[in-house]
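Q: Structure below; questions to follow.
The values are calculated or read from the model by the stated rules, or taken from the named source; none is laboratory data. What you see is a predicted model, and the numbers here were worked out from it, not measured in a lab. No Cβ is skipped: glycine too gets one built from the backbone with ideal geometry, and neighbour counts run over all protein chains shown.
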Amino acid sequence: MNVLVWLAGILFLLMTLVGGKKGARSFIAIFLNFAVLFLTIFIMLDPNADPIILTIIASTAISCITLFYINGVNITTKTAFLSTVITIVTLLFFIVIITETAMIQGFSEEEIGELYIFSFYIGVDFVKIGAAMIIMSTIGAITDIAISIASPMREILIHNPSISRKELFESGINIGRDILGTNTNTLFFAFFGGYLALLIWFKDLAYSFGEIVNSKVFSEEMITILCAGIGIAMIIPLTSSITAYFLVRTREKEEMSK
Amino acid sequence: MNDKQNQPMGSLTNTEFIREIGGSFLKAIFRKFKNMTYIQILSSLLLAICFAGSVFFVHNNYSFYERPIVEVIETNLEDTTEIMDGNNNEDSLYTQRIIAELKNGEEKGEIVHLMNEYSLSGAYDQEYQVGNELFISIDTNIGENRELTGTITDVKRDKYVLIVAWIFIFTLLIVGKKQGLFSIISLIVNVVLISYALDIYLHTSNISLLWICGISVILFTVISLLLVNGFNEKTYAAIVATLLGTFFSLLITYLVMVITSEQGLRYEEMGFLTRPPQVVFMAGLLIGSLGAVMDVAITMSSSIFSLYEKNNDIPAKALKTSGMEIGKDIMGTMTNILFFAYVSGSIPTLILYLKNGSPLSYTFSLNLSLELARALAGGIGIVLAIPIGLYTALFFVNRKRARS
């Protein structure tokens, strides 16, 4: 039997044991997200399809699955969804500009060795694909922060029905600050784990500091990590304000109808 | 001049309006300054100096590099060819003639002529524009007009990385304040630690990478959690839970790898290998899942402790049920974080393979097997950390109860 099948089986078993029905749904959601990712890659093969628009559509679909399918459709998942999409679109444009000016798209000298049999003139825009790659690696963390801020904010409103919008916004920011450190850690370590081979490579081949900092592969990894951190920090005030706005507005509507 | 566009708002005229806005803005800044302590003013000043100094430095550090650096001052498109490769992929190839000025070395200030060939898709090449700074190697045999010629080797990217790093630091500080500062510090400490650990590994051949990473993992956990949460029982419970969770997920993955004799893992596509792939893979897996497991462990322990602090008489059973509910809530999104962080990195490679006519199952099994294994193992760690985190937090709560 295959390692991956075993690991997936164990993960499914653990998720249903610990999480019950919701655990099973979370497991299925991972597969659905995969399906979206693969579909996106297939459509990206067509040179006429714009990878940026594709990425925006794919991110919307992925956040729909993660938020609505696992957590159900309600006001907090809706505001979390809205802020996720806004953050991703803004961040995406920032990343495209960075990818283009820093010229970190495509493959580096170090990666080219094992790919030499391939033609590199394949007609798709690698700047946009590189930006898509960076945003896709952050999307899980961005949706996580959005929902982790939005749902406790609703709890706060339920426990303090007379709270003002500003106070609600500030409590959202405070929740965000508390999870900021651990969430950036999650991504940093995930990336470090993936880049471990690269770090050993740099050290084994005695790259100088100047060579490391300016190399395409290091700049690309570093910019990915930093953009992920920027995205995580950016979504905190955004989710807090959007959620505070909508929660207070629905409360006012309810009061009006009474 | 622009008065027509900026018509006065309400009863205020344009200038009054601006003065009003400007005045309140200045007042707000002044109030902010008054509320700031000397330490805050001093540290913001220090930060501003660091920012300005480092930006100035990377724009003027040519003499610190041994490799020749040039700045592009003129580009001319020489030639355009439409090409089609064996798999009917259409692309355009361009040839660019570049005139650039040397920024360092003995020939500083002299003009160099360069040639650059690039494609529209830019998978391994790029178009250069006026103002770009490039590393080159200067050709030794000088051309007929005694012109300097050279070959482009790389792009000077340090200034871009620095700018993004500063945007990152400022966003984290503005949004996160103290917590933002702590996460920046913990990132720096962890980077230094991992670099130091790798140095030890590379200079002593008889210590296994797994052992080094194991010890580093303990240090990472203790340092990161203490930095983020401070010295208290909540943190101690999270540290114990993180270490247990990571250990068990590694153990399960290792057992699965032994049972299946690593069938389905394609190490040959693992990039940047100078060491045995199995060990590098396992060590990467250990470090990669650590952050996520830490996140789950601290979420579990802080929510259990806050429930206990709100109501000291809360029965253990109630703590257990609410703890499990919290665990169920975070499980899905946490596993998603790891999946996307790992799998997305392969997007460009997958596109390159598929565009070159590689079969689907071959492409995916070759390029995704290690990433998927890493994500699945991390997912197992996350899910295990939920009950482990719950019970260690309960243990610490009970101990606290017994003492008081």
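Q: Would you call A:Ile57 in a helix (DSSP H, G or I) and closer than 30 Å to A:Ile158 by Cα?
A: Working: in a helix (DSSP H, G or I): yes; closer than 30 Å to A:Ile158 by Cα: no.
No.
Q: Specify which of the listed residues (B:Asp154, B:Asp139) is at the interface with chain A (Cβ under 7 Å from one of its Cβ atoms), in contact (Cβ under 8 Å) with a residue 12 or more places away in the chain and surrounded by fewer than 21 Cβ atoms within 10 Å (Cβ to Cβ). Spell out the reasoning first.
A: Working: B:Asp139 fails: at the interface with chain A (Cβ under 7 Å from one of its Cβ atoms).
Sole residue among the options that is at the interface with chain A (Cβ under 7 Å from one of its Cβ atoms), in contact (Cβ under 8 Å) with a residue 12 or more places away in the chain and surrounded by fewer than 21 Cβ atoms within 10 Å (Cβ to Cβ): B:Asp154.
Q: Something else about it: Consider segment B:97-137. How many of its residues are assigned to a loop (DSSP other than H, G, I, E, B) and within 12 Å of B:Asn76 (Cα to Cα)? Can you show your working first?
A: Step one: of segment B:97-137, the residues assigned to a loop (DSSP other than H, G, I, E, B) are B:103-110, B:120-132.
Those left that are additionally within 12 Å of B:Asn76 (Cα to Cα): B:127-130.
Number satisfying all stated conditions: 4.
Q: While we're looking at this one, here's another question. Quick check on my filter: what residues within segment B:362-404 are within 9 Å of chain A (Cβ to nearest Cβ) and aromatic (Phe, Trp, Tyr)?
A: Passing the criteria: only B:Phe364.
Okay, residues lined up against (1) under 28 Å from A:Leu92 (Cβ atoms); (2) at pLDDT 95 or above; (3) more than 9 Å from every other protein chain (Cβ to nearest Cβ); (4) more than 22 Å from the chain's Cα centre (by Cα):
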| residue | (1), (2), (3), (4) |
| --- | --- |
| A:Phe218 | yes, no, no, no |
| A:Met222 | yes, no, no, no |
| A:Ile225 | yes, no, no, no |
| A:Leu238 | yes, yes, yes, no |
| A:Phe246 | yes, no, yes, yes |
| A:Glu252 | no, no, yes, yes |
| A:Met256 | no, no, yes, yes |
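Q: Restricted to segment A:68-114, and to residues that are within 12 Å of another protein chain (Cβ to nearest Cβ) and part of a loop (DSSP other than H, G, I, E, B), which residue is surrounded by the most Cβ atoms within 10 Å (Cβ to Cβ)?
A: The extreme case among them is A:Ile104.
Q: Oh, and also: Under 7 Å by Cβ, and 6 or more places apart or on different chains, what pairs join a residue from segment B:304-329 that is closer than 28 Å to A:Arg25 by Cβ with one that is aromatic (Phe, Trp, Tyr)?
A: The qualifying pairs are B:Leu319/B:Tyr308.
Q: Name the residues in segment A:53-67 that are surrounded by 15 or more Cβ atoms within 10 Å (Cβ to Cβ) and more than 14 Å from B:Pro348 (Cα to Cα), would you?
A: Correct list: A:Leu54, A:Ile56, A:Ala58, A:Ser59, A:Thr60, A:Ala61, A:Ile62, A:Ser63, A:Cys64, A:Ile65, A:Thr66, A:Leu67.
Q: Scan segment B:325-379 residue by residue and report those that are assigned to a helix (DSSP H, G or I) and over 26 Å from B:Ile287 (Cα atoms).
A: Matches in segment B:325-379: B:Glu325, B:Ile351, B:Leu352, B:Tyr353, B:Leu354, B:Lys355, B:Leu360, B:Ser361, B:Tyr362, B:Thr363.
Q: Counting only residues that are aliphatic (A, V, I, L, M) and surrounded by fewer than 22 Cβ atoms within 10 Å (Cβ to Cβ), how many does segment B:210-238 have?
A: 9
Q: Same structure, new question: For segment B:260-290, enumerate the residues that are without any contact (Cβ under 8 Å) to a residue 24 or more places away in the chain, within 7 Å of chain A (Cβ to nearest Cβ) and not small (Gly, Ala, Ser).
A: Hits for segment B:260-290 are B:Thr260, B:Glu262, B:Gln263, B:Phe272, B:Leu273, B:Thr274.
Q: Let me ask something additional. Consider A:Leu196 carefully, then state whether it is at the interface with chain B (Cβ under 7 Å from one of its Cβ atoms) and touching a helix residue (DSSP H, G or I) at 6+ places or on another chain (Cβ under 7 Å).
A: yes
Q: Hey, another quick one. Can you name every residue in segment A:17-52 that is crowded, with 20+ Cβ neighbours inside 10 Å and among the small types (Gly, Ala, Ser)?
A: A:Gly19, A:Gly23, A:Ser26, A:Ala29
Q: To continue, here is another question. So which residues in segment B:114-124 are at the interface with another protein chain (Cβ under 8 Å from one of its Cβ atoms) and touching a strand residue (DSSP E or B) at 6+ places or on another chain (Cβ under 7 Å)?
A: If the condition is that a residue be at the interface with another protein chain (Cβ under 8 Å from one of its Cβ atoms) and touching a strand residue (DSSP E or B) at 6+ places or on another chain (Cβ under 7 Å), then B:Ser119, B:Leu120, B:Ser121 are the ones that fit.
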